[in-house]
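A quick write-up on the structure given underneath.
Values quoted throughout were computed directly from the atomic coordinates according to the rules given, and no laboratory measurement underlies them. Keep in mind the model is a prediction, meaning the values are calculated, not measured. Cβ placement follows ideal geometry from the backbone for every residue including glycine, while neighbour counts extend to all protein chains displayed.
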Ligand code: PEP
């Protein structure tokens, strides 16, 4: 089965929630009885100031630490920005880029997402690149066009070898934080389209089969097993449910069964 060619990734996105002081207790509950599969990555993408506390609490556990954004610049006069070098220096392994909240509230373009992807690759940090359509775009039958444009732009100038280390997250905007999950058929349809697009229009099937494609959008302990059972869904990018340690642990366990 194709899934053996790639990792299952269960990644939490804490967004702008939690405090560094709460990290040790959260991690104690999360890791008390944690099952992470052989072909699985369990990741928590936390706000920048929480990274050192999360690194300390995750030490000796299978949980990897991620960030939620990165500057496209290497260094210099960019007040408020955080470079890939700084993230690598803190031991960050993953970084979300192109989240719909950053595209919407910080006017991030496809070109900027591509620049961010490249600075992360240069520092050995795995990008989790988010793509997805709005409700208006879905209703207008534009989903596949929007998603393919975002994928094409994100991978621009990236070699097939580098592409194998990238994670894509399909996140329909109408499903993020709304409690309205895409059905497993809707999610599979777009994830499978992304895989085919990467195989036929950007790289080749060998490369595409190695790329983990996640679903994100109101994924939780109840619906994750059905979503993960889909052939082209290799994990989840999880917002709200990743703030609840017991529920997030159950989702990592579901991922271990799928890995
Ligand atoms: C997200 O933060 O990317 C996300 C999918 O959030 P939620 O799971 O809360 O919908």
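From the list 185, 200, 196, 161, the lone residue that is under 23 Å from residue 93 (Cβ atoms), over 18 Å from the mean Cα position of the chain (by Cα) and part of a helix (DSSP H, G or I) is 161. Is it true that some residue in the stretch 106-117 is under 22 Å from residue 235 (Cβ atoms) and away from the ligand (no atom under 15 Å from the Cβ)? Yes, the stretch 106-117 contains a residue that is under 22 Å from residue 235 (Cβ atoms) and away from the ligand (no atom under 15 Å from the Cβ). Checked against the criteria, residue 53 counts as out of contact with any strand residue (DSSP E or B) (no Cβ under 8 Å at 6 or more places or on another chain) and more than 18 Å from residue 9 (Cβ to Cβ).
Checking each residue in the stretch 171-198 for being over 17 Å from residue 154 (Cβ atoms) and within 12 Å of the ligand (Cβ to nearest atom) picks out 174, 175, 176, 177, 178, 179, 180, 181, 182, 187. Of all the criteria given as (1) over 24 Å from residue 135 (Cβ atoms); (2) surrounded by 18 or more Cβ atoms within 10 Å (Cβ to Cβ); (3) within 13 Å of the ligand (Cβ to nearest atom), the one not satisfied by residue 259 is (3).
Condition check ((1) surrounded by 21 or more Cβ atoms within 10 Å (Cβ to Cβ); (2) more than 27 Å from residue 31 (Cα to Cα); (3) free of Cβ contacts under 8 Å to residues at least 24 places away in the same chain) across all residues:
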{"position": "167", "(1), (2), (3)": "yes, no, no"}
{"position": "172", "(1), (2), (3)": "yes, yes, no"}
{"position": "201", "(1), (2), (3)": "no, yes, no"}
{"position": "210", "(1), (2), (3)": "no, yes, no"}
{"position": "240", "(1), (2), (3)": "no, no, no"}
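Checking every residue in the stretch 124-135 against the condition of being away from the ligand (no atom under 16 Å from the Cβ), surrounded by fewer than 22 Cβ atoms within 10 Å (Cβ to Cβ), without any contact (Cβ under 8 Å) to a residue 40 or more places away in the chain and on the phi < 0 side of the Ramachandran plot gives zero matches.
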